[in-house]
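Written out below as structure tokens is the structure these notes cover.
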Amino acid sequence: MIKHHLDGDMLQQYAAGTLAEGWSVAVATHLALCPACRSELSTFESVGGYFIDSESADDADVSQSWQSLKAKIDAGQIDKVVPIKNRFASDRTYPEPLRTYIDAAGGLRWRRLGRGAAQMMIPTGDETTTVRLLKIAAGQPVPEHSHRGVELTLVLDGSFSDEVSTFARGDVEMADDSLMHQPKADAGKDCICLAVTEAPLRFKSRFLRLIQPILGI
Ligand SMILES: [Zn+2]
């Protein structure tokens with residue numbers, strides 16, 4: 001039973017097709033596991049379709065509150081898009097579309113990080129994010145990693161706990177640098193997660209890249 005879902009903003013951007021590829025991989029993978037978010041997505045798509053059909057996407061309409069739009073959908077004034085059927089086999093550890101990305105990278109290839117942890121980078125065409133799989137040994141803390149900006153973690157197998165909650169298969173945790181947390185894989189099973197982070201700034205200058213960690217930018 002999934003307890004921690006995608007945030008509405010991200011789902012809305014995904015529905016509109018404006019979400020960067022790195023985040024979209026995680027959103028689509030969560031959708032493969034989560035009927036509740038698939039239903040939520042179809043609501044966003046209904047609203048999108050309403051604006052396109054009625055050509056009424058002027059400022060006044062767009063500024064309508066989400067609640068009033070939702071009321072229109074419920075009252076049948078806006079056609080509800082039929083909830084997307086789950087096209088993907090979600091019983092596998094790596095559901096589609098994640099599996100396709102892993103296959104494109106030549107299959108699962110873990111790189112050891114120490115303390116029983118391992119990671120695998122998932123290449124995408126998106127330079128604004130970094131996407132990787134993380135494996136954390138049962139009972140061990142997540143290896144020290146620095147990140148700035150937003151980090152999304154989607155659990156694929158096992159579970160982890162931090163100061164906020166416990167996260168199991170399908171659960172999503174959004175963290176930014178304001179959240180001090182020390183996630184730890186729960187005992188009994190290794191925890192495998194998909195992690196998406198905002199990519200660090202890329203400088204053209206080799207010198208700037210060299211001193212980047214020192215400057216903390
Ligand atoms: Zn969900």
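Taking the Kirkwood radius as Rh and the Cα radius of gyration as Rg, region 106-215 has a ratio of Rg/Rh equal to 0.99. Estimated at the nearest 10 Å², the accessible area of HIS5 is 70 Å² with a 1.4 Å probe. Figure note: MET174, MET1, MET120 ranked by solvent-accessible area, largest first, 1.4 Å probe, ligands and nucleic acids not counted: MET1, MET174, MET120. In plain terms, the chain from SER42 to HIS181 could stretch by 46.7 nm, reckoned as 0.36 nm per residue minus the Cα-Cα distance. Shown are ARG115, ARG38, whose ranking by accessible area with a 1.4 Å probe and every protein chain present, most to least, is ARG115, ARG38. When ASP176, ASP171, ASP162 are compared by accessible area at a 1.4 angstrom probe, the order from most to least is ASP176, ASP162, ASP171.
The values are calculated or read from the model by the stated rules, or taken from the named source; none is laboratory data. All values reported here derive from a predicted model rather than from experimental measurement. With ligands, DNA and RNA removed, areas are computed over all heavy atoms of the protein, side chains included. Shrake-Rupley method; radii C 1.70, N 1.55, O 1.52, S 1.80 Å.
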